[in-house]
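The values are calculated or read from the model by the stated rules, or taken from the named source; none is laboratory data. Quick caveat: nothing in here was measured; it's all calculated off a predicted structure. We place every Cβ from the backbone using ideal geometry, glycine too, and count neighbours over all the protein chains shown.
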2 protein chains.
Amino acid sequence: MNIFLDCIPCFIRQTLDAVRLVTDDELIHEQLLREVLDLSRGLDLQQTPPVIGQQIHRRIRRLTNNPDPYLHQKQQQNRLALELYDLMEPVVRNSKNPLENAVRLAIAGNIIDLGVKTSISDADIQKNVTDSLTVPLDQAMIDEFRSDFENARDILYLADNAGEIVFDRLLIEQLAKKKITVVVKGSPVINDATMEDAISTGLTKIVPVIDNGSDGPGTILQTCSDEFLARFEQADLIISKGQGNFETLSEIDKNIYFFLKVKCPVIARHLQVPVGTFFLGRKGVEYAKSIEK
Amino acid sequence: MNIFLDCIPCFIRQTLDAVRLVTDDELIHEQLLREVLDLSRGLDLQQTPPVIGQQIHRRIRRLTNNPDPYLHQKQQQNRLALELYDLMEPVVRNSKNPLENAVRLAIAGNIIDLGVKTSISDADIQKNVTDSLTVPLDQAMIDEFRSDFENARDILYLADNAGEIVFDRLLIEQLAKKKITVVVKGSPVINDATMEDAISTGLTKIVPVIDNGSDGPGTILQTCSDEFLARFEQADLIISKGQGNFETLSEIDKNIYFFLKVKCPVIARHLQVPVGTFFLGRKGVEYAKSIEK
């Protein structure tokens with residue numbers, strides 16, 4: 001998905017929100033803002049939005065001299081999600097449709113995204129989890145995913161955020177784990193999950209986890225490692241979590257299932273669904289087959 | 001009031017909203033956005049926010065080759081306000097405190113501002129009018145204004161928007177009209193009232209109206225005419241309507257009463273009142289003496 005003009009004021013606002021979260025130094029706030037304005041005025045709109053997010057967050061890390069500014073938030077999100085895991089796991093296991101409920105929760109977990117909003121309260125996360133179990137779900141799309149998954153042999157699961165990967169674990173536990181490799185980011189960007197989060201949340205104990213070699217807040221193939229690109233090429237089914245992965249992969253010609261919570265009005269318009277939608281879609285398949293919230 | 005960093009993403013968003021209201025040509029949207037990003041990256045934050053608004057709207061008029069892009073909206077707003085005038089005038093006249101109610105309505109009229117939001121529904125305006133009659137009002141501040149007004153000899157009333165000037169007329173009719181000169185903008189900017197609006201709403205029939213010679217969405221003294229500056233210098237009381245006039249005059253050492261509806265979070269923080277406040281304040285006097293909504 002290309003950058004829309006509406007993304008630009010949003011980049012500028014996100015820049016300010018993000019840098020304020022990372023440092024109180026107002027000179028750095030101003031310097032970064034000016035750098036991002038400079039970057040934006042010559043922007044190639046044929047790029048995907050996470051390409052700019054990658055540039056902005058590289059600058060934040062450089063200007064604040066902090067390689068992982070969201071470390072504390074990520075640790076906290078993992079901790080909260082692990083607490084919720086203990087409550088959710090039996091709910092999924094004992095339900096009539098464990099796979100369906102695990103999909104619902106995996107999408108619910110996608111609310112833990114500091115790229116769009118700078119803070120998400122524990123109460124927001126918990127409410128989203130509760131709501132997710134009752135929002136209407138397109139059963140046909142779930143069935144298609146189930147059947148496609150059964151036929152696939154080599155599956156990549158592109159994770160999105162810290163905390164959220166605990167919710168992904170619930171879904172992965174309902175699937176044939178042997179066929180799945182989870183992919184995290186190569187190095188820190190916003191609160192995106194890295195190998196550290198996969199280890200600390202126990203994901204590496206149940207499934208192979210690799211990283212994509214990139215610091216893009218999505219899957220920006222041009223900045224991923226050759227190792228990841230080879231695995232991406234070879235996979236016959238890809239599960240893509242979150243907006244950043246959707247934005248970067250929506251036009252890629254692969255068998256990709258997109259699971260995300262729609263948090264921005266531009267993506268909502270692009271997908272023709274309301275903001276807040278628990279979205280489940282596939283390239284080439286009617287995107288409106290999603291769960292509206 | 002100086003530009004805050006938070007104003008910058010807002011300028012960018014307002015630019016896009018404004019140019020879309022004026023033309024459907026997406027190339028112009030993009031060109032203007034890039035020009036405003038370029039302007040913003042080198043911005044002198046010691047300026048007031050309307051200085052940038054002035055630059056942005058000059059560019060919109062130039063790029064669209066339209067000297068008065070908001071003409072239609074202004075005419076519509078004047079028409080609606082004149083309809084409301086017939087309902088409001090007897091309410092003010094027959095009330096126990098005509099001056100107080102006229103102040104309430106003059107502030108209510110300040111919602112008709114296309115600088116902050118690109119559209120305001122008739123229903124929003126009507127609700128705001130109804131609400132204004134019951135929001136709590138700082139009686140001491142009204143009394144101070146009344147007494148100060150009585151002692152003043154040469155009063156400038158700095159109008160803000162089209163439509164709103166009909167509400168201003170209600171207030172002016174409660175005051176000693178002979179002492180008042182209303183000031184409109186020198187040429188079109190957003191939906192700010194110009195001489196055309198003062199004439200079409202009948203204001204020129206009851207009170208002298210001059211223009212300030214400027215196309216700034218506020219009172220940017222550096223871009224006002226010498227004639228206006230002489231009158232401004234000479235006035236012993238100034239009534240300043242709206243956010244733009246507040247932003248440009250809040251630090252000026254004159255006896256200025258600011259009447260406005262607080263529509264932006266930066267001004268709200270600056271004044272330490274919630275967004276939505278019906279604000280009535282005076283330089284040097286505790287600003288929090290305002291009507292909270």
Quiz item: Within the stretch B:246-260, is there a residue that is over 16 Å from the mean Cα position of the chain (by Cα) and buried (at least 21 other Cβ atoms within 10 Å of the Cβ)?
Solution: no
Practice problem: Tell me, yes or no, whether the stretch A:165-182 has at least one residue that is polar (S, T, N, Q), surrounded by fewer than 24 Cβ atoms within 10 Å (Cβ to Cβ) and more than 17 Å from the chain's Cα centre (by Cα). | Solution: yes
Quiz prompt | Residue ID - surrounded by the most Cβ atoms within 10 Å (Cβ to Cβ), chosen from residues in the stretch B:37-88 that are under 17 Å from B:ARG169 (Cα atoms) and charged (D, E, K, R) | solution = B:LYS74
Quiz item: Restricting attention to the stretch A:89-142, and to residues there that are free of Cβ contacts under 8 Å to residues at least 12 places away in the same chain and basic (Lys, Arg), which single residue is surrounded by the fewest Cβ atoms within 10 Å (Cβ to Cβ)?
Solution: A:LYS96
Practice problem: Could you check how many residues of the stretch A:29-39 are more than 13 Å from B:LEU37 (Cβ to Cβ) and within 8 Å of chain B (Cβ to nearest Cβ)? | Solution: 2
Quiz prompt | Filter result (in contact with a helix residue (DSSP H, G or I) (Cβ under 6 Å, 6 or more places away or on another chain) and touching a residue at least 40 places away in the same chain (Cβ under 8 Å)) within the stretch A:49-66 | solution = A:PRO49, A:PRO50, A:ILE52, A:ILE56, A:ILE60, A:LEU63, A:THR64
Quiz item: Counting only residues that are buried (at least 19 other Cβ atoms within 10 Å of the Cβ) and either within 10 Å of another protein chain (Cβ to nearest Cβ) or in contact with a Phe, Trp or Tyr (Cβ under 6 Å, 6 or more places away or on another chain) (or both), how many does the stretch B:11-28 have?
Solution: 6
Quiz prompt | Verdict on A:GLY42 being among the small types (Gly, Ala, Ser), away from chain B (no Cβ under 14 Å) and more than 30 Å from A:ARG146 (Cα to Cα) | solution = no
Practice problem: Return yes or no: is A:ASP160 at pLDDT below 90, in contact with a strand residue (DSSP E or B) (Cβ under 6 Å, 6 or more places away or on another chain) and crowded, with 20+ Cβ neighbours inside 10 Å? | Solution: no
Self-check item: Matching residues in the stretch B:13-28 - criterion: being within 19 Å of A:LEU39 (Cβ to Cβ) and of a type outside the set (A, V, I, L, M, F, W, C)
Solution: B:ARG13, B:THR15
Quiz prompt | Qualifying residues in the stretch A:63-77 (those that are in a helix (DSSP H, G or I) and not polar (S, T, N, Q)) - the one nearest to A:ILE3 (Cα to Cα) | solution = A:LEU63
Quiz item: Among the listed residues A:VAL262, A:VAL189, A:VAL184, A:VAL209, which satisfies the condition of being touching a helix residue (DSSP H, G or I) at 6+ places or on another chain (Cβ under 8 Å) and at pLDDT below 95?
Solution: A:VAL262
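Residue-by-condition table, conditions (1) of a type in the set (D, E, K, R); (2) without any contact (Cβ under 8 Å) to a residue 40 or more places away in the chain:
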site: B:ASP215; (1), (2): yes, no
site: B:CYS224; (1), (2): no, yes
site: B:LEU229; (1), (2): no, yes
site: B:LEU237; (1), (2): no, no
site: B:SER240; (1), (2): no, no
Self-check item: Options B:ILE52, B:ILE60, B:ILE8, B:ILE56: the member that is in a helix (DSSP H, G or I), more than 11 Å from chain A (Cβ to nearest Cβ) and more than 18 Å from B:THR223 (Cα to Cα)
Solution: B:ILE60
Practice problem: Select from the stretch A:93-149 the residues that are small (Gly, Ala, Ser) and in a loop (DSSP other than H, G, I, E, B) and write down the one among them that is farthest from A:ASN191 (Cα to Cα). | Solution: A:SER95
